[in-house]
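The values are calculated or read from the model by the stated rules, or taken from the named source; none is laboratory data. This one's a predicted model, so the numbers in the text were calculated from it and none came from an experiment. Counting neighbours? That spans all protein chains shown, and the Cβs are built from the backbone with ideal geometry, glycine included.
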Amino acid sequence: MRHQKKTVKLGRTAEHRKALLANQVCSLIQHQRIKTTLAKAKAVRPLAEKMVTLGKKGSLHARRTAIATLRQVDAVKKLFEEIAPRAADRNGGYTRIIKLGLRKSDAAPVAFIEWVDAPVAVEETAPQEAKGKKGKATKTTAAAEPKAKPARKTAAKKTSEKSADAEGKGDTKSAE
C-alpha cells in the first residue's frame with residue numbers, strides 16, 4: 001500500500017521528473033497559462049505554489065532557493081517582480097486547474113493550469129479566435145473553388161488529350 005507516499009512519479013526518473021516540473025513551472029510563469037495533462041497539472045501545482053510563497057518572502061535566500069529549483073534566472077526574476085506581488089494578499093491557492101476533457105490522440109485527460117489572478121488571459125484568446133475564424137473562412141472559400149475547377153479540367157484534359165493524340169498521330173505521319 002502507498003500510505004504517505006505523496007510524490008507523483010509520472011513514469012519518470014527523479015532527475016527527469018524534477019526537470020519536467022521545473023520547466024512546467026517556468027512555462028507557467030512565462031505564459032501565465034499552460035495546457036498539459038491533468039496528472040502533470042496536479043504535480044506542477046504544489047511546486048508552483050511553493051515558488052510563489054518564496055517570491056512573497058522576497059529575501060535573497062528565497063531568490064537563490066527558487067533559482068536552484070527552477071534553474072532559469074529570467075523566470076525567477078519575473079516570479080519575484082510580477083507574480084508574487086499580485087499574490088501578496090492571498091494565503092495560498094495561487095493556481096487554478098481547468099479540466100478540458102480528453103485529448104484526441106491518446107484519450108489522456110487534458111487541463112489548463114493558470115494563475116488565479118492572471119491579468120488578461122481571457123481577453124488575449126478572444127481576438128486570436130476571431131482572427132483564426134476570418135483566416136479559415138477565406139481559406140476555405142479559396143480552397144473550395146480550385147478544388148472544383150481542377151475536377152472539371154481533368155475531365156476536359158482527358159478529352160483534349162485523346163483528341164490531341166489522334167491529331168498528333170496524324171501530324172506525325174504527315175510530317176514523316
Check: Of the conditions (1) of a type outside the set (Lys, Arg); (2) more than 19 Å from the chain's Cα centre (by Cα); (3) within 25 Å of ILE98 (Cβ to Cβ), VAL25 fails just one. Which one is it?
Finding: (2)
Checklist line | Filter result (among the polar types (S, T, N, Q) and not in a helix (DSSP H, G or I)) within segment 67-100 | finding: GLN72, ASN91, THR95
Notebook entry, point to check: Which numbered condition trips up PRO109, out of (1) at pLDDT 70 or above; (2) in contact with a Lys or Arg (Cβ under 9 Å, 6 or more places away or on another chain); (3) within 19 Å of VAL25 (Cα to Cα)?
Noted result: (3)
Checklist line | Among (1) in contact with a Leu (Cβ under 8 Å, 6 or more places away or on another chain); (2) part of a helix (DSSP H, G or I), the one test that ILE113 misses | finding: (2)
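Filter segment 59-96 down to the residues that are among the β-branched types (Val, Ile, Thr) and out of contact with any Phe, Trp or Tyr (no Cβ under 7 Å at 6 or more places or on another chain), then identify the one that is nearest to LYS40 (Cα to Cα).
Filtering segment 59-96 for residues among the β-branched types (Val, Ile, Thr) gives 65, 67, 69, 73, 76, 83, 95.
Still in the running and out of contact with any Phe, Trp or Tyr (no Cβ under 7 Å at 6 or more places or on another chain): 65, 67, 69, 73, 76.
On the way: THR65: 22, ILE67: 21, THR69: 17, VAL73: 23, VAL76: 21 Å.
Per the stated criteria, the residue is THR69.
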Checklist line | Where a residue in segment 1-24 is under 23 Å from VAL76 (Cβ atoms) and its partner, wherever it lies, is surrounded by 11 or more Cβ atoms within 10 Å (Cβ to Cβ) and among the small types (Gly, Ala, Ser), with Cβ under 7 Å and at least six apart | finding: LEU21/ALA43
Margin query: I'm checking my understanding of the structure. Among residues of segment 39-57 that are touching a residue at least 40 places away in the same chain (Cβ under 8 Å) and crowded, with 17+ Cβ neighbours inside 10 Å, which one is farthest from ALA88 (Cα to Cα)?
Written below: ALA41
Item checked: Residue check for LEU60: surrounded by fewer than 19 Cβ atoms within 10 Å (Cβ to Cβ) and over 20 Å from the mean Cα position of the chain (by Cα) -> yes
